[in-house]
Amino acid sequence: MNPKRQSHVFTDNLNSLQSHILAEEARHPHAAGDFSWIVSAIGLGAKAIANKVRRARLEGVLGDFGTSNVQGEQQQSMDVIANEILIRCLGSRANIAVIASEEDEEPTILRKGSEGGKYCVLFDPLDGSSNLDVCGPVGTIFSVLRNNPDESDAERTVCRAGCHQVAAGYILYGPSTALVMTTGRGTDLFELDPYLGSFILVKAGLQIPPRHKVYSINEAYVDSFPKSYQDYLLHCHKSGYSSRYIGALVADVHRILMSGGIFLYPPTAAHPNGKLRLLYEANPIAMIVEQAGGRCMSGPCRTLDVQPNKLHQRVPLMVGSSLEVEDAMRFTAQD
Ligand code: AHG
Ligand code: MN
Ligand code: MN
């Protein structure tokens, strides 16, 4: 039968993450299929984590693991499980040189450039994990950089400005399992079809509305925000804004990606440089949002231009609809 013959009876969407990435690679004659291996590892890891997240209470793996991570935060059992799942899935891919996780103090060198290590993958294996005990949304965030075969120090290899990312994405474990990804040619949305066991492309080229009067911030810390952020919030209170805050970066950003608004995590007394980590939270989110027409700032600097010097470095974050971020910058740019 002629494979090009369009079927008119079976019209289900079979445009999977894998076929989408292979089609993207076909547009780059020099691509050697390496990248699709990484995406398939991330997709496999995401499905395994989604399964564990949904069964966590049944399997008794909620709550604290009893250890704290390099961030000094209490690790949830699911933080550790998600981390191990991703290390297992990514570790088996022969073109990954270095992996770096929020949960591990140091990056892990899997293989040198001379042994085929072409990419570095950084990730927050479970974002917003404190939501799990109350059946709230959580996520996974990932960032892909090219390996530098001439750099022997793993931390220096991954400490590169976000504008050098070759891909970024997140998975949101909510009422459905959504995967959002960019390779620098727009931001695409996939949904896990549990019956097929595949992520299916449901929207290519997402565009964030330039304005939407919803802000997302933990106002409990308002007294320790810089005055410029306090003034911006007063402006919002007087300008008809509403507020939404889920407490998981991936969930708050996904709402903004789908309907617009602005998310802010300013400097606070507890986190004078902001709480969110640059390399595996802020940078991937910034690439995703900018590729969808939004903006992402860390203080006066475009997040993707911040030059990292530490793997677990934290930055303030202001991200979302372009006009909403520009309005906020009029208050905070002097900081
Ligand atoms: P993680 O669970 O990976 O440590 O991330 C939690 C982060 C982020 O997801 C969220 O936006 C932020 O912490 C919420 O912080 P507050 O609880 O201080 O508002
Ligand atoms: Mn996180
Ligand atoms: Mn995390």
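The values are calculated or read from the model by the stated rules, or taken from the named source; none is laboratory data. In this text, all values refer to a predicted model and were calculated from it rather than measured experimentally. Positions of Cβ are generated from backbone atoms using ideal geometry, with glycine treated the same way; all protein chains shown enter the neighbour counts.
Table for the structure above
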item: Top-ranked residue in segment 89-123 [being free of Cβ contacts under 8 Å to residues at least 24 places away in the same chain and in a helix (DSSP H, G or I); ranked as nearest to ligand 2 (Cβ to nearest atom)]; result: Gly91
item: Residue match in segment 295-310 (condition: without any contact (Cβ under 8 Å) to a residue 24 or more places away in the chain and either within 16 Å of ligand 3 (Cβ to nearest atom) or not assigned by TED's automatic domain parsing to the domain that holds Asp104 (or both)); result: yes
item: Residue that is nearest to ligand 3 (Cβ to nearest atom), among those in segment 102-117 that are modelled with pLDDT of 95 or more and crowded, with 17+ Cβ neighbours inside 10 Å; result: Glu102
item: Criterion: outside the structural domain of Asp104 (by TED's automatic domain parsing), outside any loop (DSSP other than H, G, I, E, B) and farther than 24 Å from Gly128 by Cα - qualifying residue of Ala328, Ala286, Ala282; result: Ala328
item: Failed condition for His237, given (1) loosely packed, with under 15 Cβ neighbours inside 10 Å; (2) in contact (Cβ under 8 Å) with a residue 12 or more places away in the chain; result: (2)
item: Selection count where residues are in a loop (DSSP other than H, G, I, E, B), under 22 Å from the mean Cα position of the chain (by Cα) and crowded, with 16+ Cβ neighbours inside 10 Å, scope segment 57-88; result: 1
item: Residue match in segment 192-214 (condition: in contact with a Pro (Cβ under 9 Å, 6 or more places away or on another chain), touching a residue at least 12 places away in the same chain (Cβ under 8 Å) and farther than 30 Å from Asn13 by Cα); result: no
item: Odd one out for Asn148, checked against (1) touching a residue at least 12 places away in the same chain (Cβ under 8 Å); (2) within 11 Å of ligand 1 (Cβ to nearest atom); result: (2)
item: Test: residue in segment 238-251 that is part of a helix (DSSP H, G or I), basic (Lys, Arg) and closer than 21 Å to Tyr173 by Cα; result: no
item: Some residue of segment 132-149 being closer than 22 Å to Ile288 by Cβ, assigned to a helix (DSSP H, G or I) and modelled with pLDDT of 95 or more; result: no
